[in-house]
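Student: Have a look at this one before I ask anything.
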Amino acid sequence: MIPSFAFFAFGLAYAGFSFLLALLFRDGVIADLRGSVTEDLDVSLWYVGVIALLVAAWALRAETRRGASRGRAAGSVAMVFAAILSLHLGFTLFKTTMPEIVPYYADPYLARIDAWLHGNADPWAVINRVFGPDTMLTLTPLYHGPWLIAAFLFPVILVACDDDQARVKRYLVLYCASWIVIGNVLALGGMSVGPVFYDRVYDSNRFAMLTWTLRFAGVEGSTMGALQDYLWQMYAAGRGSFGTGISAFASVHVSVATVVALYCGERSALLGLPAALFCGTILLLSIWSGYHYAVDGYFSIGVMALLWISLRRRAGLVELRPAMRGVARPEPMRVRKD
C-alpha cells in the first residue's frame, strides 16, 4: 500500500475512534470542536499554517521532479496533510478525555522516582543550577517553534524527500507511535499533570520553588508561560479544544524529537548530530519548564529507541555480529530445472 494513503487511512480511523471515545466519556465534545475552529486558533497555529503551505509547495515540486504526475503528487501531499490533521485531532480528543477515564494519580510516584534518580534532588533544579535560568529562558522558543514545525511537518518532508518506501513506512509508524503510544496509551496508564501543575491539582507546595524559579526567570512573560496558563484555564473550565489537555507521563515532545533525531542519524551523521542536540535540548526544556518529570523523557526515548530497533529487525536491517563482519556470505544454491 502507498505510504501516504495508508497514513491517511490510519489518521481518519484514529480520529473516528477518539471521537467516539470522547462522546462516550465526556460532554460538550461538539461544542469544543466548534470552538477550536472559531475561537481557539491562535497566532502560533496560523504561523505554522503559513510554514505548512510553503512546505506543501516545496513537497509538490519535489514529488514532480521525482517523476510523479502533477495530479498524483498533489494527491499524495494532500493525503499526508489530511492524515496529520486527522491524527492530531484524534490525539487531542483522546488526551482531553483521559482524565474522565483515569483520574490523575501518578505524580507523587514520578516525583519520588525523579528525586531518587538524581541523588535526592529535583532534576529541574539541577538543570537550573548547571545552565542558569537566563540560558534556559533563551532556549524556550525551541520548545514551541522549531519543535512545532517538526512535529506537524515531518511526515510531509519524509514522503517528499525519501525515495526509500520501506524507510518512509517505518518512520510514519514511529511518528504515529510517538503521539499515540506515548501520548495516549502510556499516558492513560500513568495519568499525571507534571511539576508545573502539581501543587494546583494536589493542593500542596511540593513544587513551590519551581514556581518561584520560573517566575523569577521571566517565564510568565514568554510564550511558554502563556501556553501553560492557557492549558490550565482550559482544563479548569472543562474544555477540550485543539492542542489542549494536560498529561506529563510520557513526553510527546521528547518522543517526536527522538523520531526526528533517529531519522536524521540514519540518513547522515552530519544531520544526526544537530538533531541529537535538538532532542537533548527539548528534553532539558521539558524538565526545567515543569511540563515533565525527567523520567517522562527518559522513558519516551527508551520506548522509541526500542520500537526503532524492532522495526529495523523486522526489515532485516540489523548489522552482522562483529565476528561475522568481513566474512563473505555464500551464494545460495540454485537448482537447475531441465
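Student: Given labels modelled 7 Å from the Cα in the Cβ direction, how far is it in nm from A13 to N205?
Tutor: It is 5.3 nm.
Student: Give me the net charge for the shell around I113: Cβ to Cβ below 12 angstrom, other residues only, Lys and Arg +1, Asp and Glu -1.
Tutor: The answer is -3.
Student: Give me the net charge for the shell around L273: Cβ to Cβ below 14 angstrom, other residues only, Lys and Arg +1, Asp and Glu -1.
Tutor: Taking every Cβ under 14 Å from that of L273, the sum is 0.
Student: Calculate, in nm to one decimal, what T135 and D164 gain on full extension: separation in residues at 0.36 nm each, minus their alpha carbon distance.
Tutor: Once the chain is fully extended between T135 and D164, it gains 6.5 nm.
Student: Return S247, S86, S222, S255 ranked ascending by Cβ neighbour count within 10 Å, so the fewest neighbours appear first.
Tutor: Going from least to most buried by this count: S222, S86, S247, S255.
Student: Using the Cβ atoms and a cut-off under 15 Å, what net charge is assigned to the surroundings of G190, where Lys and Arg are +1 and Asp and Glu are -1?
Tutor: -1
Student: Among rounded, prolate and oblate, which fits region 3-315 when a ≥ b ≥ c are the square roots of the eigenvalues of its C-alpha gyration tensor, a/c under 1.5 means rounded, and a/b larger than b/c means prolate?
Tutor: Numbers: a/c = 1.71, a/b = 1.38, b/c = 1.24.
Since a/c reaches 1.5 and a/b is larger than b/c, the shape of region 3-315 is classed as prolate.
Student: Counting other beta carbons within 10 Å of each residue's own, what order do F242, F131 fall into, fewest first?
Tutor: On the way: F242 20, F131 14.
With the fewest neighbours first, F242, F131 line up as F131, F242.
Student: So, one more: Please state the shape class of region 211-259: rounded when a/c is under 1.5, otherwise prolate if a/b exceeds b/c and oblate if not, all from the C-alpha gyration tensor.
Tutor: Oblate, since a/c reaches 1.5 and b/c is not below a/b.
Student: For labels at L142 and L270 in the simple 7 Å Cα→Cβ model, what's the distance in nm?
Tutor: For the pair L142/L270, the computed spacing is 2.1 nm.
Student: Along the Cα→Cβ direction, 7 angstrom out, place labels at Y105 and L20. What is the inter-label distance in nm?
Tutor: Calculated label separation equals 2.7 nm.
No lab work stands behind these numbers, since they all come straight from the coordinates. Quick caveat, the model's predicted, so the values are computed rather than measured. With ideal geometry, Cβ positions are generated from the backbone for all residues, glycine too; neighbour counts draw on all protein chains shown.
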